[in-house]
1. What FRET efficiency comes out for ASP386 versus GLU423 if R0 is 51 angstrom and r is the Cβ-Cβ distance? Round to the nearest 0.05.
2. Run the accessible area of the chain with a 1.4 Å probe and give the carbon-and-sulfur part as a rounded percent.
3. Give me the distance in nm between label points sitting 7 Å out from Cα along the Cα-to-Cβ direction at LYS467 and GLU165, one decimal.
4. Spelling out what I want: for every residue of segment 506-519, take phi, set θ = phi - 60°, compute 6.51 cos²θ - 1.76 cosθ + 1.60 (Karplus), and round to whole Hz; glycine and proline get x.
5. Relative to the longest principal Cα axis of the chain, at what angle does helix 78-87 sit, 0 to 90 degrees, rounded to 10?
6. Could you tally the net charge around THR199, taking each other residue with its Cβ under 12 Å from the Cβ of THR199, Lys/Arg +1 and Asp/Glu -1?
7. Mind ranking THR149, THR486 by accessible surface for me, highest first, 1.4 Å probe?
8. Starting from the amide H of VAL515, placed 1.01 Å from N in the peptide plane, find each other amide H under 5 Å away whose residue is 5 or more places distant or on another chain.
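The values are calculated or read from the model by the stated rules, or taken from the named source; none is laboratory data. Every value quoted in this text rests on a predicted model; they were computed, and no experiment measured them. Backbone-built Cβ (ideal geometry, glycine too); neighbour counts: all protein chains shown. What goes into the accessible areas is simple: the full protein's heavy atoms, side chains included, and nothing from ligands, DNA or RNA. Shrake-Rupley method; radii C 1.70, N 1.55, O 1.52, S 1.80 Å.
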Amino acid sequence: TILVLDFGSQYSHLITRRLRELNVYSEMLPCTQKLSELGWTPKGVILSGGPYSVYWPDAPHVDPEVFKLDIPILGICYGLQEIAWNHDNTNVLAGEKREYGHAYLKVERHGDASTGGHVNALFKDLEDDMEVWMSHGDKLSHIPEGFVTVATTDNAPFAGIAHREKKLYGIQFHPEVTHTPKGKLLLKNFAVDICQAKTNWTMSKFVDQEIARIRALVGEKGQVIGAVSGGVDSTVAAKLMQEAIGDRFHAVLVDNGVLRLNEAQIVKETLTKGLGINLTVVDASERFLGRLKGITDDPEKKRKVIGNTFIEVFQEEAKKIAAAAHNSEHAGEIEWLLQGTLYPDVIESISFKGPSATIKTHHNVGGLPATMSLKLIEPLRELFKDEVRELGTNLGIPEDLVWRHPFPGPGIAIRILGEVTPEQVRIAREADHIFIEEIKAAGLYRKISQAFAALLPVKAVGVMGDKRVHDQVIALRAVETTDFMTADWYPFDGEFLKKVSRRIVNEVNGVCRVVYDVTSKPPGTIEME
Ligand code: XMP
């Protein structure tokens, strides 16, 4: 395992990501991590970039024990400065010129015996000139004692340094971003050659390990409860639990009345018949719709009402399941709650986000109250989204579920602008169903990151047959994005939109117009509320 210590750079998680792509297992922890509390010994350590200057009085620093371990260390950007500062704290100067963007790196090789072969090891198999991505203000003013320069740029005379004797390396640029095209090879040189980390991290190995871990954690009799939504994360987590402990895992789907068309039914079929998961579907749609009544122009209130009602319904169901489980042959208590937390959520909650190392507690969607006093089990907490998809495929989950678009917890309630009534739900659902069906038929579903139909709370005039009608307006939204933080609307061709619009107006009672939302994020958000 390679330990990545995070100083808060926006790229830190990409380091872990790249290492896993190389089949090297890696874990990221805050830079303040005490080695004595780690419980395992890393094969190597990478110090990430960060937004601070090492000479600031309140700048974060690694546990000095890191430098006493006899293992290779690679410092990236702030990490480089941290290594230099640790060896000689007069080394870092604020750069007169900040440097952001592309730069050309010249690699310097050291062939003579006095420096030893390992100083060249980071740039093994790389060209002497390489394109790199820079993002820094500080740079080294001189090289610390014991180090040699292994790379330079026009603006940074010490863009890469290596220790003459120890396996200590520092680079000013970011190898983890795709703008450094050969960066992954550099990380491979570090992790595989220099640290000798094993390259045996694969998904099927992960499945075996995780199943064994879950069994050991839960024990012979322990039982686990967890909510499923029909989305990929909760389904994959549920399937993994089912593989590990069978029917001692209890999945609950709460039908909140604002799911997609026929969703509860479809999820039930897929999870129970298809995947053998022990699932209870609770139809609470009336309770939810009752509480949503009269909320006309406050999207946050919709979210709160749905969130709170969800917790209430889930808790009631958990009590019932616990009572039944207690009397069953397993006779164990339900002690565990499954959550489909992913690695990006974990990173966000442990990330080092300020000189005082604030650690946010993570609250997953539909986070359940402490009063349930269940212990959390989070089998996906080491995985990125695409790894979850790979895992899902590995576990035999159908392709169309594995590649499903995300769907918000508050469901189509936040896609019905204005009051949520059963009639509005019907219209929004039917229109959405047609839109998604056509996107799939056109082979665009995977290309688009998220798509849906929203219902606007206004009426427009139209003619249908010979009659003048005064009906509602559907707004279609489809976006492409990689991180859901920024997004662009999808450029459908006119024929496609024509077809969808014709079908919606013809097939969905109560709609006489269809419009397409051409707002990117920002300034828009993906959802309309
Ligand atoms: P926005 O609208 O913020 O959406 O651009 C970004 C992503 O988050 C989803 N989203 C939600 N998911 N509960 C959820 O579980 C919510 O309240 C919620 N609001 C937005 C949205 O669907 C998109 O994928």
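1. Numbers: r = 39 Å, r/R0 = 0.77.
The pair ASP386/GLU423 has a calculated efficiency of 0.85.
2. Numbers: 12220 of 24000 Å².
Answer for the chain is 51 percent, counting heavy atoms of protein chains only.
3. Simple spin-label model gives 9.2 nm for this pair.
4. Per-residue couplings from phi come out as 6, 9, 9, 5, x, 10, 10, 8, 10, 10, 10, 7, 10, 10 Hz.
5. The angle comes out at about 30 degrees.
6. Numbers: positive: ARG20, LYS43, LYS188, LYS198, LYS205; negative: GLU21, ASP193.
My count for the surroundings of THR199 gives +3.
7. Result, largest first: THR486, THR149.
8. Sorted by chain and number, the residues that satisfy this are ILE474, ALA475, LEU476.
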